[in-house]
Amino acid sequence: ADGYLVTAAPFYGTVAAIEEPLGFYRIHGANAWAPDVVDGAQLSRFVQHELAKYDLVTALATANGLSAARHLDMNDHNHLRYRVASLRLDPRSHPVADDRRWHLAWRGIVQTLFHSDLDARRRLIFAVWFATVSFAPRPVARRAILLLVAPQRRRPPWRRRPDQL
């Protein structure tokens with residue numbers, strides 16, 4: 001629910017950032033948006049959720065006499081990560097019927113390398129990630145997707161806190 005609020009807020013007033021953390025976010029096995037496992041159906045829901053947010057941006061821009069860029073979804077490297085992961089893990093439940101891995105990989109690499117605010121190291125890491133998820137054997141792609149979707153799993157089990165096991 002907060003995704004829609006964060007997306008819509010700039011159309012209703014000034015948005016300001018506060019550098020000091022004012023809360024905590026606990027990741028556990030029942031988190032709706034921070035899973036412990038890689039699940040194609042859940043990735044499909046992530047993609048649908050993001051597409052709905054892009055539709056919201058377009059509708060709010062139009063209602064306010066503004067125009068939104070075309071193909072917002074294909075210009076967002078974060079969205080493209082989940083989209084290629086969804087397509088790779090479960091093509092039958094993937095919500096965009098005409099998506100192709102090679103096209104998502106290409107768009108993701110271009111957006112990451114040339115249009116993101118990431119530092120050079122992370123740009124390279126995510127460009128390689130797009131290629132790996134798109135073209136590597138399925139077990140390798142699945143592991144790469146897990147690293148993105150469940151960041152709490154990046155640490156080996158012996159280095160995790162008890163609540164992360």
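The values are calculated or read from the model by the stated rules, or taken from the named source; none is laboratory data. Keep in mind that what you see is a predicted model, and the values were worked out from it rather than measured. The protein model used for the area step is the full one, side chains on, heavy atoms only, and it has no ligands, DNA or RNA in it. Shrake-Rupley method; radii C 1.70, N 1.55, O 1.52, S 1.80 Å.
Summary table
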quantity	calculated
Test for residue 63: is it modelled with pLDDT of 95 or more and open to solvent by 50 Å² or more (accessible area, probe 1.4 Å)	yes
Residue within the range 95-106 that is in a helix (DSSP H, G or I), aliphatic (A, V, I, L, M) and open to solvent by less than 90 Å² (accessible area, probe 1.4 Å) present	yes
Answer from 121, 45, 142 - the residue that is under 24 Å from residue 6 (Cα atoms), in a helix (DSSP H, G or I) and not polar (S, T, N, Q)	45
Those residues of the range 84-94 which are assigned to a helix (DSSP H, G or I) and among the basic types (Lys, Arg), in sequence order	88
